[in-house]
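Quick notes on the structure that follows.
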Amino acid sequence: MNDASKSFLKSAYKEYYFRGADQIEFPDEVESREFGYFPFGGGMVRHLSFKSRGEALAEILKQSPSSVYCSNARYEYPARPIEEKGWLGAELIFDIDATDIQTTCKKGHDLWYCEKCHASGKLPRPVRCTKCAGSTVEFHGKCEICLDAAKDHAMRVIRFLTEDFGVDRGAIRLYFSGNRGYHLHVFDRRFDPLNPQARGEIAEYVRGSSLPLVQSIASTLRHRPPSGPQGVGWTRRITGYVDERRQDYPGTLQKLVSEAISSQRAMVDSSVTTDIHRVFRLSGTLHGDTGMMKRRIESAGSFDPQEDPVVLSEKPVKVAVEFYPKFRMKHKDFGPFLRPETVELPTFAAVPILTRGLGEVAV
Ligand SMILES: [Zn+2]
Ligand SMILES: [Zn+2]
């Protein structure tokens with residue numbers, strides 16, 4: 001990234017932070033949280049702590065970084081190294097990414113490209129470019145289908161928490177991640193003291209990966225008269241689903257059971273839920289790769305992930321693009337840019353190209 005691109009990105013983000021400062025949502029007990037950030041073109045700065053929201057906000061405005069993070073954990077000494085921080089508890093968190101959910105749209109927008117000659121093709125990615133033997137990288141796009149699937153899985157997590165764990169709906173906050181996923185933060189003190197193993201069990205439970213084999217569930221159900229949902233948790237979910245459809249179902253009972261599981265499981269990233277020392281993007285701040293805002297969602301039904309989190313300006317900028325696949329923001333298509341060209345783009349659409357190093361601000 002050249003200096004012109006770096007200073008363009010910094011000023012675009014700064015412009016948003018001055019305008020959108022009141023969108024930034026700080027957690028309770030700010031003074032016990034660890035903060036961190038990525039400056040544009042630099043390494044991560046971690047183990048920061050602030051005495052108040054005002055102090056944290058002043059630093060964000062001053063740095064206008066590429067990414068801002070805050071811990072879900074509370075610490076006695078948040079600025080010390082991890083082993084000396086004095087962990088006091090952490091909110092339970094779930095992360096759902098469209099990349100982890102199988103959808104048919106992926107063939108249309110996921111690809112590999114060569115870092116050297118920018119040849120590209122469908123996944124799976126060859127280790128070496130088929131044209132020049134240069135090194136290749138994967139590019140994951142997104143569309144309404146996979147973003148909707150991710151939102152659906154986030155809603156499934158909410159159902160698990162409210163129905164199976166007795167969490168109050170008001171204690172669960174849903175956020176768009178700023179890229180292609182959703183985060184859920186659970187403000188229910190019962191979970192705060194849990195260690196990574198216990199958090200892992202909850203993640204495995206919602207993923208449905210701790211269930212017995214489908215064959216053995218089916219054989220248990222085979223000799224039981226359909227009598228509607230029974231038991232609690234997954235048992236209730238599976239018996240309810242199966243009994244409602246069993247009569248007219250054209251396939252095997254085993255197939256129906258696996259459908260009952262796949263239509264209710266939530267593909268959360270377990271490694272995020274179990275990490276009790278992690279820092280998460282702060283709500284109301286911008287994603288470092290996309291320039292889109294991590295945004296709290298009040299009403300999932302009306303939230304539009306292609307429109308609502310796009311908060312950077314429309315101000316046009318000339319970008320010398322090397323290569324960039326087709327993408328969609330604010331319901332407009334951009335690209336594909338398959339060979340080097342200089343194009344004028346609105347700031348919000350220039351940012352993902354610049355942050356990925358696939359173009360530079362034209363000077
Ligand atoms: Zn190549
Ligand atoms: Zn998609």
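The values are calculated or read from the model by the stated rules, or taken from the named source; none is laboratory data. All figures in this text were calculated on a predicted structure; none of them were measured in a lab. Backbone-built Cβ (ideal geometry, glycine too); neighbour counts: all protein chains shown.
Taking the conditions exactly as written (of a type outside the set (Gly, Ala, Ser), without any contact (Cβ under 8 Å) to a residue 40 or more places away in the chain, within 16 Å of ligand 2 (Cβ to nearest atom) and touching a strand residue (DSSP E or B) at 6+ places or on another chain (Cβ under 8 Å)), does LYS116 satisfy them or not? Criteria not met by LYS116.
Could you tell me which residue of the range 186-237 is surrounded by the most Cβ atoms within 10 Å (Cβ to Cβ), considering only residues that are outside any helix (DSSP H, G or I) and of a type in the set (A, V, I, L, M, F, W, C)? So the residue we want is VAL186.
Rundown of residues vs (1) outside any strand (DSSP E or B); (2) of a type in the set (Gly, Ala, Ser); (3) in contact (Cβ under 8 Å) with a residue 24 or more places away in the chain; (4) crowded, with 21+ Cβ neighbours inside 10 Å, yes/no style:
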position: HIS277; (1), (2), (3), (4): yes, no, yes, no
position: ASP289; (1), (2), (3), (4): yes, no, yes, no
position: ARG296; (1), (2), (3), (4): no, no, yes, no
position: GLY301; (1), (2), (3), (4): yes, yes, no, no
position: ASP304; (1), (2), (3), (4): yes, no, no, no
position: ASP308; (1), (2), (3), (4): yes, no, yes, no
position: VAL311; (1), (2), (3), (4): yes, no, yes, no
position: LYS318; (1), (2), (3), (4): no, no, yes, no
position: ARG328; (1), (2), (3), (4): no, no, yes, no
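Restricting attention to the range 113-138, the residues that are near ligand 1 (Cβ under 6 Å from one of its atoms) and assigned to a loop (DSSP other than H, G, I, E, B) total 7. Residues in the range 142-168 that are at pLDDT 95 or above, surrounded by 16 or more Cβ atoms within 10 Å (Cβ to Cβ) and of a type in the set (D, E, K, R) were compared, and the one that is nearest to ligand 2 (Cβ to nearest atom) is LYS151. Only one entry of GLU298, GLU259 meets the criterion of being acidic (Asp, Glu), within 25 Å of ILE145 (Cβ to Cβ) and at pLDDT 95 or above, and that entry is GLU259.
Among the residues of the range 145-173, those identified as over 26 Å from PRO229 (Cβ atoms) and either in contact (Cβ under 8 Å) with a residue 24 or more places away in the chain or aromatic (Phe, Trp, Tyr) (or both) are ILE145, CYS146, LEU147, ALA150, ARG173. Scan the range 150-193 for residues that are farther than 25 Å from PRO309 by Cβ and under 12 Å from the mean Cα position of the chain (by Cα) and the total you get is 0.
Can you tell me how many residues within the range 68-106 are away from ligand 2 (no atom under 16 Å from the Cβ), over 16 Å from PHE50 (Cα atoms) and without any contact (Cβ under 8 Å) to a residue 40 or more places away in the chain? Break it down stepwise before answering.
Residues of the range 68-106 that are away from ligand 2 (no atom under 16 Å from the Cβ), as a first pass: 68-95.
Those still in the list that are over 16 Å from PHE50 (Cα atoms) too: 82-84, 86-95.
Add one more test, that the residue is without any contact (Cβ under 8 Å) to a residue 40 or more places away in the chain, and what stays is 83-84, 86.
Counting residues in the range 68-106 that are away from ligand 2 (no atom under 16 Å from the Cβ), over 16 Å from PHE50 (Cα atoms) and without any contact (Cβ under 8 Å) to a residue 40 or more places away in the chain gives 3.
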